[in-house]
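Notes follow once the structure below has been shown.
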Amino acid sequence: MLIKNRNLFRITRFILLKLPVLFRFFSKFRIPQKRVLIIKSDAIGDYILFRNFIEIVKKSEIFNDHKIDLLGNKLWQDLALQYDSAFIEDFFFIIPDDLYESPLKTIKLGWQLFKKNYQTVLQPGYARVFIADGLAGLTGAKQIIGFEGDTERINIKYKTKTDQFYTQRLQMPAGIDFEFERSKFFFENVLKQHVTITGPIIQSKNGSRHGIIIFPGTGVIKRCWDEEKFLALIKLINQHTSQPVYLAGAPHEKDIGNFLIENLPPKSINNLIGKTSLPQLVELIGSAALIIANETSAIHIAAASQTKAVCILGGGHFGRFAPYPEHIQSRLVYVYEKMECYHCNWNCKYQTGENEPYPCISNVGLEKVWQAVRQLLTET
């Protein structure tokens, strides 16, 4: 979290650390409702890896007679409303980082959650964050379950205090590194039942597969493969296939799209960057012949819809979000150059320019990516 206004943050910090103690005290004098809150404030890819567990919670023996609410990230609001409304009673969507400097919004949301009188709050994210911990505490729920977690995304001085909000903190066994498997471990322990799904699933309406969709951007520019390499890759694709090629991505990625359009022959590519909603993007990916992307949510959507994809992968979170374990069925190919500094949590030890990719990304060669693309294009 990047704090600009320290005074506002101090007020929010007080709300997140002190009021849960008061709310928990008041909760002793009421009988909780049969209602569960699931908190998942992470980005789109995290949601794709997590969302299938919502239905499992709703249909579980423990919670099948409970109402299920979801507190999520506004980034994937449209997707959740379209795909998961059947299992969710009430949604709450937030922009997590904005709340740190919005004490009024934070306490209003906390009061809303407290009034719901939850019996149970589930916080299945392993890398806990301060805002999610604080909101969990503000519910005053009888039972709040999360992971012991680590300090990658929360300052240890806050974690030490928010640990006390939880009635149960699960310890992650060694060897469970992939995010989907972590969620599966969490829900199997909470629900006390075996979970049969082996990977993310998302149903696409389109049956036929046609077109190549390229996602040249990322949420963090330093995790993005060089735009010149994407340009050269697109030229190779156009030389070797008649498949239509599309660019896609978020509105903030328009610059890289404009660069590619300006340096390619007219009408050789279709630019959809910033022009699709998230549900539309899911349908596009589900009907595509091939996806090419950096490590973004597009790769997880491709995996969930069983679409062939090439992922240009760095080492910051290697094994946590990608590559997928072999036992999870997907049609993904990962292209990377292993370095001794992998698993750095994107705390890169190398000095690079502000807009230059990390070395583990820039070291991935064009020819290696092209060979992966070419192989998938020739597969039936």
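Miscellaneous remarks
- Among the residues of the range 92-124, those identified as open to solvent by 50 Å² or more (accessible area, probe 1.4 Å) and free of Cβ contacts under 8 Å to residues at least 60 places away in the same chain are 95, 98, 104, 105, 108, 111, 112, 115.
- Count of residues meeting criterion [aromatic (Phe, Trp, Tyr) and open to solvent by 10 Å² or more (accessible area, probe 1.4 Å)] in the range 125-140: 1
- Among residues of the range 271-288 that are at positive phi, those with a beta-carbon under 7 Å from a residue that is assigned to a loop (DSSP other than H, G, I, E, B) and open to solvent by less than 40 Å² (accessible area, probe 1.4 Å) at least six positions away or on a different chain give the pairs 274/250.
- Residue match in the range 40-58 (condition: surrounded by fewer than 17 Cβ atoms within 10 Å (Cβ to Cβ) and more than 20 Å from the chain's Cα centre (by Cα)): no
- Every pair of residues 6+ apart whose Cβ atoms lie under 7 Å, when the first sits in the range 290-314 and is within 14 Å of residue 375 (Cα to Cα) while the second is hydroxyl-bearing (Ser, Thr, Tyr) and open to solvent by less than 10 Å² (accessible area, probe 1.4 Å): 291/307
- Qualifying residue in the range 334-343 (condition: over 15 Å from the mean Cα position of the chain (by Cα), touching a residue at least 12 places away in the same chain (Cβ under 8 Å) and crowded, with 22+ Cβ neighbours inside 10 Å): no
- Scanning the range 183-206 for residues that are at negative phi, assigned to a loop (DSSP other than H, G, I, E, B) and open to solvent by 50 Å² or more (accessible area, probe 1.4 Å) turns up 193, 194, 196, 198, 201, 203, 205, 206.
- Checklist (1) closer than 19 Å to residue 223 by Cα; (2) open to solvent by less than 30 Å² (accessible area, probe 1.4 Å); (3) not in a helix (DSSP H, G or I) applied to residue 299, failing item: (3)
- The set of residues in the range 353-380 that are among the small types (Gly, Ala, Ser) and part of a loop (DSSP other than H, G, I, E, B) comprises 353, 365.
- Selection within the range 262-283 - within 30 Å of residue 346 (Cα to Cα) and outside any loop (DSSP other than H, G, I, E, B): 271, 278, 279, 281, 282
- Residues that are open to solvent by 50 Å² or more (accessible area, probe 1.4 Å) and either closer than 22 Å to residue 361 by Cβ or hydroxyl-bearing (Ser, Thr, Tyr) (or both), drawn from the range 230-250: 235, 242, 246
- Here residue 81 qualifies as without any contact (Cβ under 8 Å) to a residue 24 or more places away in the chain, touching a strand residue (DSSP E or B) at 6+ places or on another chain (Cβ under 8 Å), open to solvent by 50 Å² or more (accessible area, probe 1.4 Å) and not in a loop (DSSP other than H, G, I, E, B).
- Residue match in the range 321-332 (condition: open to solvent by less than 30 Å² (accessible area, probe 1.4 Å), in contact with a Ser or Thr (Cβ under 8 Å, 6 or more places away or on another chain) and in a loop (DSSP other than H, G, I, E, B)): yes
The values are calculated or read from the model by the stated rules, or taken from the named source; none is laboratory data. What you see is a predicted model, and the numbers here were worked out from it, not measured in a lab. In this analysis, Cβ positions are derived from the backbone assuming ideal geometry, glycine residues included, and neighbour counts consider all displayed protein chains. All accessible areas refer to the heavy atoms of the entire protein, side chains included, with ligands and DNA or RNA removed. Shrake-Rupley method; radii C 1.70, N 1.55, O 1.52, S 1.80 Å.
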